[in-house]
Amino acid sequence: MPRPTDERPDPESLSLRSAREADVPTILRFIRELAEYEKLLDEVDADEDSLRRHLFGVTRHAEVVIARDDASGEDIGFALFFHNFSTFRGRPGIYLEDLYVRASFRGRGAGLALLRHLARLARERDCARIDWAVLDWNRPAIEFYDRLGARPLEDWITYRLTGEALERLAG
């Protein structure tokens, strides 16, 4: 499966690249910053070892694209995604697990650049769609996604099985 290529979106001082194993500490920092923003920091138990194993190990379970502000030389955000599959379309899709841009860099086009990159990647990989979830109170994100033409799936309810319930079901 092809990996995302380096890309220089607008504005000129912003670049995107596929994450490398050396980026694991940065990815974990972004995950924690996102969780803090979403008031879910107490749910983060990811660590560098688990990210390294699942993002860069023999079996890669997800991919990461890093956004960088070239003017400051600072990594400013990321998109973490993986492939799913649409049985109705008979084609793969991309599930965007997390999109995050550091607060001081929001409004400069990094989020749009990351999503545009994923859209191009979806087209290159013959994906039928890109899916993601957003917290119902996150109005800035919802308004951003609405402006892009994305629409909420109001007739679907998202379920999650985790922790003790997952263990019980697994037997």
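The values are calculated or read from the model by the stated rules, or taken from the named source; none is laboratory data. Quick caveat, the model's predicted, so the values are computed rather than measured. Positions of Cβ are backbone-derived with ideal geometry, glycine not excepted, and every protein chain shown enters the neighbour counts. Surface accessibility is based on the protein's heavy atoms, side chains included, excluding ligands, DNA and RNA. Shrake-Rupley method; radii C 1.70, N 1.55, O 1.52, S 1.80 Å.
Figures for the structure shown
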quantity: Relative contact order computed over the chain (Cα-Cα under 8 Å; 6+ residues apart), in percent; calculated: 17 percent
quantity: Whether the stretch 29-78 is rounded, prolate or oblate, judged on the alpha carbon gyration tensor where a/c under 1.5 counts as rounded; calculated: oblate
quantity: Gyration tensor (alpha-carbon) shape descriptor, the chain, a/c threshold 1.5; calculated: rounded
quantity: Label point distance in nm, T158-D126, each placed 7 Å from Cα along Cα→Cβ; calculated: 2.9 nm
quantity: Added length on full extension, which subtracts the Cα-Cα distance from 0.36 nm per residue, W137 to F82; calculated: 17.3 nm
quantity: Cα shape, the stretch 103-171, gyration tensor, a/c 1.5 rule; calculated: prolate
quantity: Carbon and sulfur %, accessible surface of the chain computed with the full protein complex present, 1.4 Å; calculated: 51 percent
quantity: FRET E, pair R151, A71, Förster distance 45 Å, beta-carbon r, rounded to 0.05; calculated: 0.85
quantity: Theoretical FRET efficiency, 1/(1+(r/R0)^6), r = Cβ-Cβ of D45 and E21, R0 25 Å, to 0.05; calculated: 0.75
